[in-house]
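Below is one structure, written out as structure tokens, with a few remarks after it.
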Amino acid sequence: METVFFNGTPMHTCGIVPSVGEIAPCFHLTGRDLSQMSCSDFAGRRVVLNIFPSLDTEVCARSVRRFNEEASKLDSVTVICVSMDLPFAMSRFCTIEGIDNVSFGSAFRSPLFGQKYGLQLVDGPLAGLLTRAVIILDDNRRVIFRDIVREITNEPDYEAALKALRGEVSE
């Protein structure tokens, strides 16, 4: 269980977030076109899971825009933006914003995603949604970076995530 905050109000998640060095659980999500996506679809690629409560908040939308921009510069990396938003909302957002370098995965059909990754909020005003986090998996699904954003209204540490993708050691 993790404790995170929404405008200073504590909230809790269920489960345990995979640690750096662990093999992450396989995930199943629903794509923008209602197709199923699974961890096996990305075998041999590094995967950035940009996880957040909802595209309908400015901070979440900014994280998608930023990873969309950065993803175009990365080789053998897939960025998957994950929330409980419906695929229809994800598709609309991509069209309006011109987002084409990241994938979207809705967890609305996959409640186990939030539980297996320890990121589903179980109390507070956002209960039922996912908390804000970035988890990066290597090409064998081993966690090489994780950032659970303690204050959900803040953005993730993009620079630390990009350093992890480039194999730079943080000090």
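The values are calculated or read from the model by the stated rules, or taken from the named source; none is laboratory data. Computed from a predicted model, the values in this text were never measured in an experiment. Glycine also receives a Cβ, built like all others from the backbone with ideal geometry; neighbour counts cover every protein chain displayed. Remember, those area values only see protein heavy atoms, side chains included, never the ligands or the DNA or RNA. Shrake-Rupley method; radii C 1.70, N 1.55, O 1.52, S 1.80 Å.
A few points about this structure:
- Accessible carbon and sulfur surface of the chain relative to its total accessible area, %, 1.4 Å: 51
- Spin-label pair Glu22/Ala43, simplified geometry with 7 Å Cα→Cβ offset, distance in nm: 2.4
- Cysteine residues of the chain whose Cβ has no partner cysteine Cβ closer than 4.7 Å: Cys14, Cys60, Cys81, Cys94.
- Size descriptor, Kirkwood hydrodynamic radius, that averages inverse alpha-carbon separations across the range 2-120, Å: 14.9
- Peptides 26-37, 121-132 ordered by average Cβ neighbours within 10 Å, highest first: 121-132, 26-37
- Solvent-accessible area per residue in the range 44-171 equals 44 Å², computed with a 1.4 angstrom probe and all protein chains kept.
- Measuring r between the beta carbons of Lys73 and Phe108 and using R0 = 25 Å, the FRET efficiency lands at 0.25.
- Backbone N under 14 Å from the Thr57 label point (7 Å along Cα→Cβ), restricted to the range 1-42: 4-13
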